Amino acid sequence: REQAELSRAAEERYLSYALSVITARALPDVRDGLKPVQRRILFAMFQNLRLGAAAKPRKSAQIVGEVIGKYHPHGDAAAYDAMVRMAQDFSLRYPLVHGEGNFGSLDGDSPAAYRYTEARLTAIAEEMLAELESATVDWRPNYDATLDEPLVLPSRLPQLLMDGSTGIAVGMATNVPPHNLSEVIDALVASIDDPASEVKDLLKHIRGPDFPTGGEILSSRSELKEAYESGQGQLRVRGEYKLERLPRGRQQVVVTSIPYTVNKATLIEQIAALINERKLPQVLDVRDESTSDVRIVLELRPETEPEVAMAYLFKHTDLQIGFHMNLTVLRPAAAGASVVGQPGRVSLRDLCRDF
C-alpha cells in the first residue's frame, strides 16, 4: 500500500481546497460579473421557474430548493443569502431580484425566512439571460452530471462594474465598487471605438464609484486614476448632510446619506455614545427619522457651528470610512475559453476589454 508524507498530502489537499474557493465560490467572473451561486440562482429562476420580470413571484423556498437541488451542492442558507443580497437596493446599485416581503434593511435587520418571502427577476436581470438559448455561451454538466448549466451568462450589461462584487477567497479577496450604468456604457462604447483607450481616457466617462446608499467620494481624480490603473486603492467616502433651520433660532443637521456597507443602526449608536460621553457638546440629541430615504436628525445647541460637530463625527464614527477597492476577478485563460478563469488583479481598462 502506497504511503505519502503528511506534509505533502496536506499541501496538495489545501491547494485543491484553495483553488475551489477561489474559482467556484468567492471571485466573480469578469465576463458576467457573477459568482457561481449568483449565476445559478438567476439561471434557475429564468430557465426552470420562468420567473421573469412580468411573472408572478414565487416562494423563495421553491427557488432555493431548485438551485441547491439541481445546480449548487451547498447549503440552503448560502443560496438564500445570495438571493437576498441581489434583491437589496442598498447592497446592489441595480438589484437583479425583485423581492416581496422582508428582505432585510440598512439597519442590519435579518430577512424573513425563505418560507415567508417571494421573488422574481428584475427587468435588468433578464437582459443578462435573454440570449441564453442562442448558442452564445459554453455549457457544462451540473454537479451530478444530470443537467447542463451555463459556464457564464451571455450578459448584455456590464454587471461587474454596474453592481460591483465582494468576496474573500484563500490568499486573495475582491472588492469591486458599483458604478453608474450610463457612465459605464459610455466608457465601453469609447473602448470599442478606440481599442487603445487607456484608463485616463475611460475616466472621462466614469467619474468614479456610484454607491447605492449615496455618499460623497473625497478621493482626488489622481487618486482615482491610480486606483483604477493598479486595480487597488483606498477611497475615502463620507455621508452627506444638510442644515435645517427651525423656529426660535434653533437648527438641526440632517444626514441624508451614509457610506456604502455602513450599518445605519450601528452608526446612530456611535453618535449617541459620543453624546452621552459628552464628547460632542454641540449636539443635544440624535433621532432616526428614516423611511425609504435616510434621515438621521442631529439636534444642535443654539449658536453652534454645525461644521465643527460634523468634522468630529467624520473623524470618530463610520460617517466617513475608507473603501478599499480591489479589482481581483476570474479572467478566461484565452478568448472564448470554455474553462474556469484564472484569478488576477486587473485595471479598469482590462475590465472593459474583457467584458
* Asked: Straight-line reach from K242: which aspartates and glutamates have Cα under 19 Å away, leaving out those fewer than 8 places along the same chain?
  -> E216, D285, D288, E289, D293, E299, E303, E305, E307, D318
* **Sum of -39500 (n - 2.57) over DSSP H runs of 4+, divided by residues of the chain (222 nm, nearest 500)** => -9500 deg cm²/dmol
* Relative contact order for region 1-88, counting Cα pairs under 8 Å that sit 6 or more residues apart, in percent -> 20 percent
* Which far-off residues, 5 or more places away or on another chain, put their amide H under 5 Å from the one on H98, with H placed in the peptide plane? -> R120, L121, T122
* To do: Could you work out which residue, out of L147, L27, L132, moves most in a Gaussian network model of the chain, that is, has the largest mean-square fluctuation with Cα springs under 10 Å?
  => L147
* To do: Please build a GNM for the chain, connecting alpha carbons under 10 Å apart, and tell me which residue among E12, E229, E216 fluctuates the most.
  => E12
* Out of region 87-127, which trypsin sites (Lys or Arg not before Pro) are coil in DSSP terms and have no more than 13 other C-beta atoms within 10 Å? -> R115
* Over region 242-355, what relative contact order in percent results from Cα pairs under 8 Å that are six or more residues apart? -> 21 percent
* Asked: For A55 and D76 in the same chain, what is the full-extension length gain: residue separation times 0.36 nm, less their Cα-Cα distance, in nm?
  -> 5.2 nm
* **Percent carbon-and-sulfur accessible area, region 54-122, ignoring ligands, DNA and RNA, probe 1.4 Å** => 49 percent
* With everything on Cα atoms, drop me the angle between helix 6-21 and the longest principal axis of the chain, reported from 0 to 90° to the nearest 10. => 70 degrees
* Using modelled backbone amide H atoms (1.01 Å from N, in-plane), which distant-in-sequence or interchain residues come within less than 5 Å of R236's amide H? -> L218, S219, F323
* Using R₀ = 45 Å, calculate the FRET efficiency as 1/(1 + (r/R₀)^6) where r is the Cβ-Cβ separation of R278 and E100; round to 0.05. => 0.50
* Length-normalised contact order for the chain - Cα pairs under 8 Å, 6+ apart - percent -> 17 percent
* To do: Choose one answer from A87, A333, A24: the residue with the largest mean-square fluctuation in a GNM of the chain with alpha-carbon springs under 10 Å.
  => A333
* To do: Report, to the nearest 10°, how far helix 264-276 tilts away from the longest principal axis of the Cα atoms in the chain, using its own Cα long axis and a range of 0 to 90°.
  => 30 degrees
* Hey, which lysines would be in cross-link range of K56, C-alpha to C-alpha under 25 Å, not counting anything within fewer than 8 residues on its own chain? -> K70
* Structure fact -> With every protein chain kept in place and a 1.4 Å probe, region 175-219 has an accessible area per residue in Å² of 44 Å²
* Could you tell me what percent of the accessible area of region 203-355 is made up of carbon and sulfur, with a 1.4 Å probe and every protein chain present? => 44 percent
* Against the longest alpha carbon principal axis of the chain, how many degrees, from 0 to 90 and to the nearest 10, is the axis of helix 60-70 turned? -> 30 degrees
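The values are calculated or read from the model by the stated rules, or taken from the named source; none is laboratory data. What you see is a predicted model, and the numbers here were worked out from it, not measured in a lab. Because the Cβ atoms are built from the backbone with ideal geometry, glycine has one as well, and the counts that use them run over all protein chains shown. The protein model used for the area step is the full one, side chains on, heavy atoms only, and it has no ligands, DNA or RNA in it. Shrake-Rupley method; radii C 1.70, N 1.55, O 1.52, S 1.80 Å.
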